[in-house]
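The values are calculated or read from the model by the stated rules, or taken from the named source; none is laboratory data. None of these values were measured; they are calculated from a predicted model. Counting neighbours? That spans all protein chains shown, and the Cβs are built from the backbone with ideal geometry, glycine included. Note: areas computed on protein heavy atoms with side chains; ligands, DNA, RNA excluded. Shrake-Rupley method; radii C 1.70, N 1.55, O 1.52, S 1.80 Å.
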Amino acid sequence: MNMPRLLPVLCCAVYFFLLAPILVVVLASFNAGAFLTFPPQGLSLRWYRTFFHNAVFLRAFIESMEIAVAATSISAVIGTMAALFSMRTTPALANIVRLGMTLPLVLPEVLTAIGLLFFFYAMGIGVHYSVALLVGHVLLTLPFIYINVSTSLRSFDPSWELAARSLGASPFVTFYRVTMPLMKSGLTSGCLFGFIVSFDAFSTSFLLKDVGTATLPIQLFDYLRLNFTPEAAAVSTFSIIVTFLIVIMTKTIFGIRFTK
Amino acid sequence: MTTVAIENLTRHFGRTRALDDISLSIDDGHFVSFLGPSGCGKSTTLRVLAGFDACDRGRILFDGQDVAALPPEQRDIGMVFQSYALFPHMTVGQNVAFGLEMRRLPRDAIRQRVRAVLDLVHLADHSDRHPRQLSGGQQQRVALARALVIEPRILLLDEPLANLDAILREEMRVFIRELQQRIGITTIYVTHDQAEAMAMSDMIVVMFGGRVAQVAPPRDLYECPGSLQVASFVGQANYLAGHVAHDNGQLAVVTPLGTRPLDGRSAITAPAPARNILIRPESICITPPAASDAVPATVISVQYGGNLTNYVLALADGQQLHVQTATPPSHAGGDRVGVRLADAPLWVIPDCRP
Amino acid sequence: MRKYLLIVPAVVVLLVFLVIPYIDIIFISLHPAADDRPYGSGFTLRNYVQVLTDGYLVHQTAMTLWIGLVTTCATLVLGFPVAWFMAHSSARARAIQQGIVLMPLLVGIVVRSYGWTVILGNNGILNRLARDIGLTRSVLPLMYNSLGIVIALTHVFLPFMILPIFGTIRSLDPALFLAGRSLGASPAITMRRVILPLTMPGIQSGCVLVFILSVSAYVTPMLIGGMRVKTMPMTVVNTLIDAFQWPFGAAQALVLSAIGALIVLVFFRLTPLRWSR
Amino acid sequence: MSGLSRRHLIAGGVVGLTGALVGRATRAAPPPLVVTTYGGSWETFWRDDLMPRFIARTGADVKLDVGFGRTFSATLRASGPGHSDYSILMMNDVFVEPLLRAGHFEKLDFSRLPHARQLYPTALIENGWAVIGMISPIGIGYRTDLVKNPPTCWRDLWTNPEFRGRIGLYNVQNSVGKAMLCLAGQMFGSGPTDMDAAFAALGRLGPVLQTDFNMSTMMGTGEIVVSPFDFGEIARLRRQGLPVACIMPREGMLMWDQTFTICVNAGARDMAYRYLDFILEPETQLMLAQKFFVSPVNSTVVIPPDLADAVPVTGDRMKEILPMDWHWINQNAVELDKRWSRTFG
């Protein structure tokens, strides 16, 4: 297909735009100087050393991972079930389900978080055991799972499931052998999106975090409020690399395709 | 091997009765077609038989065992879907092997049986392809192989030829019927195409509006339809007003085109007043206008169909007749001709007055 | 029916953790303010009247919606060609491009904002560059204003525009473009009359997503706008958390959500296709 | 009243059982003392130095929580008075004042705070409902390499032409931004509440760069050369090699206060008092001064000579810190916010 000659140039410009602030952060993390300045004053790994010896950031990093994994897993189950339901029900009901499932995305994150904060305290649970935080993150990730899974189910033929049943597969085996593989791409990209969104969530975490814990964005925010050293850039670069590795791994293991 | 009995099957969708007290029995090894217009309940019957839909009332007996409460996977059926429903993420071989894996057969046995059944459908060398790489007819045969390889008690086919072109459809009719007879499996086939049903079935079940209208072998169905509705759904028909009277000590049917003996299969045992008489287009002969015992008619239109020629004629009183001959067209529109009935017994549609 | 079990968890989660808290917020917004308690007794609509008549808040709401609109347009204009290019690249190139497109999401929101400070700041890379090549002598105001916010929001929400459009373009029959050309249409007309309508579902979901996300964005405008440009979410947080005016803040938040939802609905009405499907 | 009981009702209808069970489970164990602090080096210091000392002395079960005034007050408001997980809080007076009025804190029992007697009067605030545990006095910071005529007073921000366009201000979200307004009202109008004069004056400053909390970066990059700055941060920047200095303006200084309050119905009330007194004692105060260069609030603390330039505001100098009427400021917060945006928008 012939494309206008300018298109590749334009796209490269957009890609550069997308990468520019990240490049800046990555470069700043190798700064030998004491300030988060650009261009860096000499190159060194000193801030990575500082970071790896800073239990606070590592703990926040692990906390973020745990919350993101837990919230994405819960959403994956709930969202996939809802998507399967939409496929099996009448179009009118499916529309209502879709509206409901995208609602957490439509409502402002900050407001939802404040609402949840009041709610959990009214119930006497408060922010204990990170329940409120987890619920907040489930709400954040749910729409992404649902949208991606139901998109991948759009071309799903319900008689595939019937065929499997007629061939002797139980409902569970049918799901595992037929439905699941056919919506895998949507589920994978949904989970990936959900994970990334949860890992980066700020407003929700900042209002709902349990006493004495912090996710990475909160920790970075708290840190940067008072200490503007390249350690923050080092932490971010590290988390970019880790999340990127996760994406690559998911891609190679599950063969992710973004929608269809 | 397997007989199927359906007793008083009833199914509601909301307030509409999709199945209204269906009862039926199917002999072992028979090929039975459910024929009817869309929405008549034939597909619903199949889905209930397969276990995809529940019935509100009634029993389904496979070899005398009530399976109505069993989920589909425990009914031991093979099913071919209109869309074929081949798993797109599996190769042909994997598709066919799926049912055997569910039955936990040893790996070697699976391999052998998959090869055997693919040979049977002439697709042995397509085992590693994906369904989307196959033509419609090939996909159809894979679907058939997948359903047959598990050696089910009964084979259910849901309009399996609907998505094929005309020539392939004819080929597959022969192929499926031949295969079914070779294996001897009890088969239920759903279609809205009467020609298909006639060509393949041992027995045809005609359904209208959730009820069984008639159950009969194809020839009986064509020649002796139980109602006007069945008669017009199964092939083209002319209806002439007539009555049954004694003629030479036998019961005969008197029509405007002449008098012929009453079909022996009819339940009528005494002279009867005005009735609808069924006359198939091929049972009318065209003669020269002056021929003896011929009734004059005018040719309205002629359709050439290769081996057959179809005429529409009008009688003097304006009634139109469809006539089919096995000869090339010998008349044109506007020609005056004579018509007479072939020398065969006539069928009186029961309980149906003109 | 057993299939209804599938929707039960989602209904429970949404009902308990979304609907009930929001009912609570609506409830609060209908109360008068109180000095020593979260809210006073008695029902009133005054908070809503105040939100809708206060010139400052109306201006701020308009500003927020405007930022959302400009961001949506910017992501669409930049995102569509990229999605098109991506969809017509080789599998390998496509994978790399998908990685690049996802990158903004992989960088934490706080640090990403820092990156922009370095690039757009008054003493940032762009300003220094402009000064060095003699483009301008004064400082280019790239940050601490709505332009900066739009740039940063466009950056982070581009993936949400590119990926859905990419999805629909991928599912198009490549012959369509050729068919358009064979019927004598120029590339531009083929694009407008054939390709654009067919990619509308992707464009729609992208636009809705980006618009909603940018209207309710809180952290990026806070950090990039340097508090000089205040968007509604920032005001909502201030009113609710800093000033403790719960009823008034709740009313502000609900009005903003309602306007956002309304605009999305109008958008659906104006563009011919429904969201996905 | 109606609000909370109603919400309890809703909650009870939905997940009452779970809520009650979990609630009981949490109440069964003796609550740890939650100690709040800020992120970054503050958290590190609390975790590695301050808390081990306190625990060694008291054997307290301490849980460290990092946040800032906004998060603490949001959770406090959500939990309602007497239901907080916190027993003691450290935040700015600007946040404390409305919470105090809403009944979240108890009047301090000074008999349990023996070191409170040694505090500067500046640290005893809110009529005995709160004490300031640390003070970061704010003067005018500037880049010594980029400024020819160093500032001597706040008025110089308006009059020194080389500052024009290179002034940094804390915005109105920050308590120092609000304090700046009162200061400008005092300087150019009839008093600290003369906002017409204050906003007119700030408008005359011309283009200023604003920040919510981080002034150091802009100072580091040279985007700004002068701004309100706390002495501690200036000392830190200087030790990292940045050419900066901070002066005590003639008109008086502003401050960041770290104000401590005890929550009503505190779960670890006893330990909270011991922690507060621990903060106020001279040894801890000196540690804090050495770490963060904050001015000790305990008048008995003697600043060692090597720290004198980093912590210049002590003794009588403490009186130069201007008091702020946070109640009036909070009452008018929304209005100030609006006018601020209009002035700088």
Subject >> When residues of segment A:203-217 are limited to those that are surrounded by fewer than 24 Cβ atoms within 10 Å (Cβ to Cβ) and more than 7 Å from chain D (Cβ to nearest Cβ), the one modelled with the lowest pLDDT >> reply: A:T213
**OP:** State yes or no: is B:V348 hydrophobic (A, V, I, L, M, F, W, C) and more than 20 Å from B:V253 (Cβ to Cβ)?
**Re:** no
Subject >> Unique residue being farther than 30 Å from B:S292 by Cα and over 13 Å from the mean Cα position of the chain (by Cα) when the list is B:G209, B:G249, B:G264 >> reply: B:G209
Original post:
What are the pairs, 6+ residues apart or on separate chains, where a residue within segment D:208-224 that is free of Cβ contacts under 8 Å to residues at least 12 places away in the same chain has its Cβ under 8 Å from a residue that is among the polar types (S, T, N, Q) and in a loop (DSSP other than H, G, I, E, B)?
Top reply: D:T221/A:T37; D:T221/C:N123
Original post:
Out of segment C:246-265, which residues are more than 16 Å from the chain's Cα centre (by Cα) and at pLDDT below 80?
Top reply: none
**OP:** Starting from segment D:131-152, keep only residues that are within 23 Å of D:S175 (Cα to Cα) and among the aromatic types (F, W, Y), then list their pairs with residues that are at pLDDT below 90 and open to solvent by 20 Å² or more (accessible area, probe 1.4 Å) whose Cβ atoms are within a distance under 8 Å, requiring at least 6 positions of separation or different chains.
**Re:** none
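Take the residues of segment D:239-271 that are in a helix (DSSP H, G or I) and in the same structural domain as D:R57 (by TED's automatic domain parsing): which is farthest from the chain's Cα centre (by Cα)?
Pass one, segment D:239-271, residues in a helix (DSSP H, G or I): D:239, D:269-271.
Right, trim to in the same structural domain as D:R57 (by TED's automatic domain parsing) and you get D:269-271.
On the way: D:R269: 22, D:D270: 24, D:M271: 22 Å.
Among those that are in a helix (DSSP H, G or I) and in the same structural domain as D:R57 (by TED's automatic domain parsing), it is D:D270.
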**OP:** Take the residues in segment D:84-107 that are closer than 21 Å to D:V62 by Cα and touching a Gly at 6+ places or on another chain (Cβ under 8 Å), then tell me which one is farthest from the other protein chains (Cβ to nearest Cβ).
**Re:** D:M90
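Name the helices (runs of 4 or more DSSP H) wholly within segment A:170-217 that hold at least 2 residues that are in contact (Cβ under 8 Å) with a residue 12 or more places away in the chain?
Details: elements: A:171-174, A:180-200, A:203-208.
Of the helices (runs of 4 or more DSSP H) lying wholly inside segment A:170-217, those with at least 2 residues that are in contact (Cβ under 8 Å) with a residue 12 or more places away in the chain span A:180-200, A:203-208.
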**OP:** Could you check C:P141 against (1) more than 10 Å from chain A (Cβ to nearest Cβ); (2) within 13 Å of A:F17 (Cβ to Cβ) and say which number it fails?
**Re:** (2)
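Looking at segment A:104-125 only, could you name the residues that are in contact (Cβ under 8 Å) with a residue 24 or more places away in the chain and open to solvent by 30 Å² or more (accessible area, probe 1.4 Å)? I'd like the intermediate steps shown before the answer.
Residues of segment A:104-125 in contact (Cβ under 8 Å) with a residue 24 or more places away in the chain: A:104-105, A:109-110, A:112-114, A:116-117, A:120.
A:E109 - this is the single residue of segment A:104-125 that is in contact (Cβ under 8 Å) with a residue 24 or more places away in the chain and open to solvent by 30 Å² or more (accessible area, probe 1.4 Å).
Only one of D:R274, D:R317, D:R236, D:R339 is more than 17 Å from the chain's Cα centre (by Cα), in a helix (DSSP H, G or I) and within 14 Å of chain A (Cβ to nearest Cβ); which?
Numbers: D:R274 fails: within 14 Å of chain A (Cβ to nearest Cβ); D:R317 fails: within 14 Å of chain A (Cβ to nearest Cβ); D:R339 fails: within 14 Å of chain A (Cβ to nearest Cβ).
Sole residue among the options that is more than 17 Å from the chain's Cα centre (by Cα), in a helix (DSSP H, G or I) and within 14 Å of chain A (Cβ to nearest Cβ): D:R236.
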**OP:** Could you please let me know if A:F221 is in a helix (DSSP H, G or I), more than 8 Å from every other protein chain (Cβ to nearest Cβ) and either at negative phi or at pLDDT 80 or above (or both)?
**Re:** no
Original post:
What are the residues in segment B:213-241 that are out of contact with any Phe, Trp or Tyr (no Cβ under 9 Å at 6 or more places or on another chain), crowded, with 19+ Cβ neighbours inside 10 Å and part of a loop (DSSP other than H, G, I, E, B), if any?
Top reply: B:A237
Subject >> Count of segment C:54-87 residues which are touching a Pro at 6+ places or on another chain (Cβ under 8 Å) and either of a type outside the set (A, V, I, L, M) or on the phi > 0 side of the Ramachandran plot (or both) >> reply: 2
Original post:
Under the condition of being open to solvent by less than 60 Å² (accessible area, probe 1.4 Å), among the small types (G, A, S) and outside any helix (DSSP H, G or I), which residue from segment C:40-95 is modelled with the lowest pLDDT?
Top reply: C:G40
**OP:** For segment C:195-238, name all the residues that are open to solvent by 20 Å² or more (accessible area, probe 1.4 Å), farther than 23 Å from C:T61 by Cα and more than 13 Å from chain A (Cβ to nearest Cβ).
**Re:** C:L196, C:P197, C:L198, C:M200
**OP:** Looking only at segment C:13-31, decide whether some residue is more than 8 Å from every other protein chain (Cβ to nearest Cβ), part of a helix (DSSP H, G or I), open to solvent by less than 30 Å² (accessible area, probe 1.4 Å) and touching a Lys or Arg at 6+ places or on another chain (Cβ under 9 Å).
**Re:** no
Original post:
Is one or more of the residues making up segment B:101-116 at pLDDT 90 or above and open to solvent by less than 10 Å² (accessible area, probe 1.4 Å)?
Top reply: no
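Answer yes or no: is there a residue in segment D:142-161 that is within 14 Å of chain C (Cβ to nearest Cβ) and open to solvent by less than 30 Å² (accessible area, probe 1.4 Å).
To start, the set of residues in segment D:142-161 that are within 14 Å of chain C (Cβ to nearest Cβ) comprises D:143, D:146.
With open to solvent by less than 30 Å² (accessible area, probe 1.4 Å) added as a condition, the list becomes D:143.
For segment D:142-161, residues within 14 Å of chain C (Cβ to nearest Cβ) and open to solvent by less than 30 Å² (accessible area, probe 1.4 Å): present.
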Original post:
Which of the residues spanning segment A:153-168 are surrounded by fewer than 24 Cβ atoms within 10 Å (Cβ to Cβ) and touching a Leu at 6+ places or on another chain (Cβ under 8 Å)?
Top reply: A:L153, A:F156, A:W160
Subject >> D:T284 vs. criteria buried (at least 21 other Cβ atoms within 10 Å of the Cβ) and in a strand (DSSP E or B) >> reply: no
**OP:** Output the residues belonging to segment B:242-268 that are of a type in the set (K, R), more than 26 Å from B:D202 (Cα to Cα) and not in a strand (DSSP E or B).
**Re:** none
Original post:
Since B:A267 meets every condition but one in (1) farther than 15 Å from B:P350 by Cβ; (2) among the aliphatic types (A, V, I, L, M); (3) open to solvent by 70 Å² or more (accessible area, probe 1.4 Å); (4) in contact (Cβ under 8 Å) with a residue 24 or more places away in the chain, which condition does it not meet?
Top reply: (1)
Original post:
Any idea which of (1) more than 17 Å from A:V26 (Cα to Cα); (2) basic (K, R); (3) at the interface with another protein chain (Cβ under 10 Å from one of its Cβ atoms) is the one C:R112 doesn't satisfy?
Top reply: (1)
Subject >> Condition met for A:R98 (within 7 Å of chain C (Cβ to nearest Cβ) and charged (D, E, K, R)) >> reply: no
